[in-house]
Amino acid sequence: MAGTGCRRRPERRHQRHVIALTSNYPECARSALVTIAPERSRSPLFMRAYIEELIGQALGYLKREGELSLEEPVQVHIERTRDRAHGDYACNVAMVLARKLGRKPRELAELISAKLPASKRIDKVEIAGPGFLNFFASPHYLRMVVRDILALGDQYGCAPEGSRGEVLVEYVSANPTGPLHVGHGRGAAYGASLSALLAAAGHRVSREYYVNDHGRQMDILAVSVWLRYLELAGERVRFPANAYRGEYIYDIAREVRERHGDKLRHAESAVVDGLPEDGDGQAAELHIDALIARARQLLGEDGYEACFGAALDAMVADIRDDLGQFGVQFDRWFSERSLESSGALARAIERLDREGWLYLKDGATWFKASELGDDKDRVVVRENGRTTYFASDVAYLLDKLERCPGTSLYIFGADHHGYVPRLKAAARGLGEDPERLDFQLVQFAVLFRGGRKVQMSTRSGSFVTLRELREEVGNDAARYFYVMRSHEQHLDFDLDLAKSSANDNPVYYIQYAHARIASVFRQLESRGLRHNQAIGEAASDRLDGEHEQALLRTLGRYPEVIEGAAERRAPHVLAHYLHELAAEFHAWYNHSQFLVEDDDVRNARLNLVAATGQVLRNGLGLIGVSAPEDM
RNA sequence: GCCCCGGUAGCUCAGCAGGACAGAGCAGCCGCCUCCUAAGCGGCAGGUCGCAGGUUCGAAUCCUGCCCGGGGCGCCA
């Protein structure tokens, strides 16, 4: 039954036409007849943009000669071929036009390819398959790649800063009520990598962490600290079910005690007398809320703020420290409370009102979100006069849109997907363009150890913190593992694999390639030789081996990878690319000696080795993984 | 009930702005260190792309329905 050969499909072979590129039409200005995507980089390093240009010129010529009647631009794909036999790039322009013009695709392909300007970067163009134009990069172009990489260094692959729009990226934004856990870690790694990628692709990027320092959870945290403080002071107060039990609460309480002594101490009876009983569910909620009210009453404004402020400062400092060690930085930590004091909150509500999107019902103020694409209307001011969390969101959104003229990018955990229609509705309600908002939802990460799911529960306090994870597997492995899968995909994080220093760990595989490169240059020196780039460049035609050619092509692809990964908000694309690049280097390393006698060959190879090292460093840097010199 | 994400090789996943024979890593089997780190390399084997329709010259990729798994739907934060 399990036949082997019979399942194979018959080979489909298409006749190929080879068109020599001899004609040149210098007078053809760039035409707007071909569009791929807006804002394509014009850098000479971008082969696709270059090919687009060539095709545009050919079409422009054909149009002026009356051979084609083109009215509107055609949307075409210029893509990397999967099969080397198909050249380096393929374009489907003829097939797309065929549909529009009702002509045969191969016929059109002939027409177009005959008018393609000659180019030093393109060796030949073939017509193949149903009508693809296959472009073969010239050896000259491939060699140019090494020179460019060595000349540009850490700038290779980067578009000029500001060549694209501004992006304000908000990520992590975990409530400062406890340490970050592994779920936040994924958002942090994704956000940091994506931000770096966007910056490399030419966007001006600012990174923000929205600190939820306003709500009930913060009050619970403050009270938790106070209760631990009382405990340390010798009061025997029962700790409520819903309060924060983590060890870190004691640390903060100790700090408060050091600073304020017994000033905040009250007798146990004064604290709990007359409060509703603690218990499960509803009872626990009522109890803790009453306790918060009691704390405010006994401590007064200043005393309460002492606990609250200490808790907030400690938590934010801890989170900042944790993320900093993880290589995750922010340009701004935006306080939710500041929205009220700055008047941003009131202004946002006024704006919604002015635009006519607010109404009163049951004593509360509602936003007509349902008329703007959300499933239901949302309360902005509660019956008790307090604004809702959503109101803060609207105010922060308005603030962001006013500060950043480009895109506001939200990175949410997948459980926040309900916020998307609500915030878009808010943007519309404010009279702003919802297209300026970009939402990326990061799916959950599940830890596996010994092939078993690591159980996590916040209540029992048995969750794994980001810090613990980092200490267990290391920052490099954690950063890489977090972004190696698409963020839209649930992530199975294999702790054993991440820790493994065996041949199966993709992080070490890539880092090892870099370490080997460094080692090659150490060897060179120990043999009393020096790398001469100029000699290598002059002899770059000696890089004609199969492995060398493959490596050159892959290195040349890097700028496109950056561009595409940024556009698709997909750092995992870069992670995969780096793995592939490392694989090609390892294969070459095993196949050939680099430190050969021949000065020309040796230096040419060393140029390629150095260029590979540079690209590995650049790419690893963007995803926050170190590039070690030795392992 | 409504909404979001996913279902591709034994496992974990790429590929999905439609395209040329479906890819990688791990696990399995067979090989490679007098030579720049074997944390490496070469080879073999492994797939009804969840199921059924539809759109198209062409569908893993787009549309519809269904099945399975994960998550979300508060005048909480």
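The values are calculated or read from the model by the stated rules, or taken from the named source; none is laboratory data. Since this is a predicted model, take the numbers as computed values, not measurements. As a convention, Cβ positions derive from the backbone with ideal geometry for all residues, glycine included, and neighbour counts pool all protein chains shown. To get the accessible areas, we keep the full protein, side chains included, count just its heavy atoms, and leave off ligands, DNA and RNA. Shrake-Rupley method; radii C 1.70, N 1.55, O 1.52, S 1.80 Å.
Quick look at the values:
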item: Among residues of region A:222-243, those that are surrounded by fewer than 21 Cβ atoms within 10 Å (Cβ to Cβ) and among the hydroxyl-bearing types (Ser, Thr, Tyr), counted; result: 0
item: Selection count, region A:472-495, where residues are buried (at least 22 other Cβ atoms within 10 Å of the Cβ), without any contact (Cβ under 8 Å) to a residue 40 or more places away in the chain and more than 12 Å from RNA strand B (Cβ to nearest atom); result: 1
item: Answer residue from region A:179-210, given it is more than 21 Å from A:ASP492 (Cα to Cα) and open to solvent by 10 Å² or more (accessible area, probe 1.4 Å) and is farthest from the chain's Cα centre (by Cα) among those; result: A:PRO179
item: Region A:128-159 - residue that is within 26 Å of the chain's Cα centre (by Cα) and hydrophobic (A, V, I, L, M, F, W, C) and, of those, farthest from RNA strand B (Cβ to nearest atom); result: A:LEU152
item: Those residues of region A:461-496 which are farther than 22 Å from A:GLU580 by Cα and either among the aromatic types (Phe, Trp, Tyr) or part of a helix (DSSP H, G or I) (or both), in sequence order; result: A:PHE463, A:LEU466, A:ARG467, A:GLU468, A:LEU469, A:ARG470, A:GLU471, A:GLU472, A:VAL473, A:LEU495, A:ASP496
item: Hey, A:LYS124 in contact with a His (Cβ under 6 Å, 6 or more places away or on another chain) and open to solvent by 30 Å² or more (accessible area, probe 1.4 Å) or not; result: no
item: Of all residues making up region A:127-147, the number that are charged (D, E, K, R) and surrounded by fewer than 17 Cβ atoms within 10 Å (Cβ to Cβ); result: 1
item: Selected residue (criterion: nearest to RNA strand B (Cβ to nearest atom)) from residues of region A:422-442 that are part of a helix (DSSP H, G or I) and aliphatic (A, V, I, L, M); result: A:LEU423
item: Filter result (more than 16 Å from RNA strand B (Cβ to nearest atom) and either among the small types (Gly, Ala, Ser) or open to solvent by less than 10 Å² (accessible area, probe 1.4 Å) (or both)) within region A:364-400; result: A:LEU398, A:LYS400
item: Qualifying positions in region A:506-522 - near RNA strand B (Cβ under 7 Å from one of its atoms) and either touching a Leu at 6+ places or on another chain (Cβ under 6 Å) or of a type in the set (Gly, Ala, Ser) (or both); result: A:ALA515, A:ALA518, A:SER519
item: Matching residues in region A:239-253 - criterion: being closer than 14 Å to A:ALA310 by Cα and in contact (Cβ under 8 Å) with a residue 24 or more places away in the chain; result: A:TYR248, A:ILE249, A:ASP251, A:ILE252, A:ALA253
item: Neighbours by Cβ (under 9 Å, 6+ apart or cross-chain): first from region A:569-596, β-branched (Val, Ile, Thr); second open to solvent by 40 Å² or more (accessible area, probe 1.4 Å); result: A:VAL596/A:ARG605
item: Helices (runs of 4 or more DSSP H) contained in region A:245-329 and holding at least 3 residues open to solvent by less than 20 Å² (accessible area, probe 1.4 Å); result: A:247-260, A:281-325
item: Matching residues in region A:595-618 - criterion: being open to solvent by 10 Å² or more (accessible area, probe 1.4 Å) and of a type in the set (A, V, I, L, M, F, W, C); result: A:LEU595, A:VAL596, A:VAL601, A:ALA610
item: Filter result for the condition that a residue is in contact with a Phe, Trp or Tyr (Cβ under 8 Å, 6 or more places away or on another chain) and surrounded by fewer than 22 Cβ atoms within 10 Å (Cβ to Cβ), over A:HIS576, A:HIS591, A:HIS531; result: A:HIS531
